[in-house]
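Have a look at the structure below, then the notes.
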Amino acid sequence: MHIPAAEVGALWISAMIRGELVLPPIEQMEAAIEHVRAWKRAHINFEPSRSCAVSTRFQQYIDILLAELGVSPYRKPHLLAELFSRYEAADYAGIIDESHATGGRRSSSVGG
């Protein structure tokens with residue numbers, strides 16, 4: 001999932017640079033980071049990095065970025081596939097076109 005995460009991340013950054021993504025205030029983003037850190041410290045003992053690393057949670061990370069870009073994070077053709085099949089890089093084919101089609105100003109849910 002490294003390649004889709006890098007691609008979606010690049011789409012997110014380019015949307016922000018173009019002014020299509022409105023970030024929340026810095027205080028709200030910092031509070032969101034601290035919330036995640038606190039949760040991970042309380043619930044994750046097996047992972048060397050319990051900060052805001054995404055290394056073991058690519059799916060959640062990609063879903064959040066896609067939603068903020070206005071692209072559906074649900075990439076499977078039907079509910080059963082969504083629930084029971086594994087996500088692969090091919091599931092993200094077309095996200096660039098989908099992201100560009102949403103255009104306009106989008107709002108980041110960081111901390112929201």
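Summary of values
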item: Test: residue in the range 72-82 that is among the polar types (S, T, N, Q), open to solvent by 40 Å² or more (accessible area, probe 1.4 Å), at pLDDT 85 or above and touching a helix residue (DSSP H, G or I) at 6+ places or on another chain (Cβ under 9 Å); result: yes
item: Selection within the range 15-31 - outside any helix (DSSP H, G or I) and loosely packed, with under 15 Cβ neighbours inside 10 Å; result: ARG18, GLY19, VAL22, LEU23, PRO25
item: Residue under evaluation ILE3, criteria (1) at pLDDT below 90; (2) in a helix (DSSP H, G or I); (3) buried (at least 16 other Cβ atoms within 10 Å of the Cβ), criterion not met; result: (3)
item: Some residue of the range 103-111 being exposed (fewer than 15 other Cβ atoms within 10 Å of the Cβ), in a helix (DSSP H, G or I) and at pLDDT 70 or above; result: no
item: Matching residues, the range 62-90, being in contact with a Lys or Arg (Cβ under 7 Å, 6 or more places away or on another chain), without any contact (Cβ under 8 Å) to a residue 24 or more places away in the chain and either under 14 Å from VAL8 (Cβ atoms) or in a loop (DSSP other than H, G, I, E, B) (or both); result: SER85
item: Residue list for the range 17-37, filter: within 14 Å of GLY103 (Cβ to Cβ) and not β-branched (Val, Ile, Thr); result: ARG18, GLY19, GLU20, LEU21
item: Verdict on TRP12 being surrounded by 11 or more Cβ atoms within 10 Å (Cβ to Cβ), in a helix (DSSP H, G or I), at pLDDT below 90 and of a type in the set (A, V, I, L, M, F, W, C); result: no
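The values are calculated or read from the model by the stated rules, or taken from the named source; none is laboratory data. A quick note: this is a predicted structure, and the numbers were derived from the prediction, not measured. We place every Cβ from the backbone using ideal geometry, glycine too, and count neighbours over all the protein chains shown. Note: areas computed on protein heavy atoms with side chains; ligands, DNA, RNA excluded. Shrake-Rupley method; radii C 1.70, N 1.55, O 1.52, S 1.80 Å.
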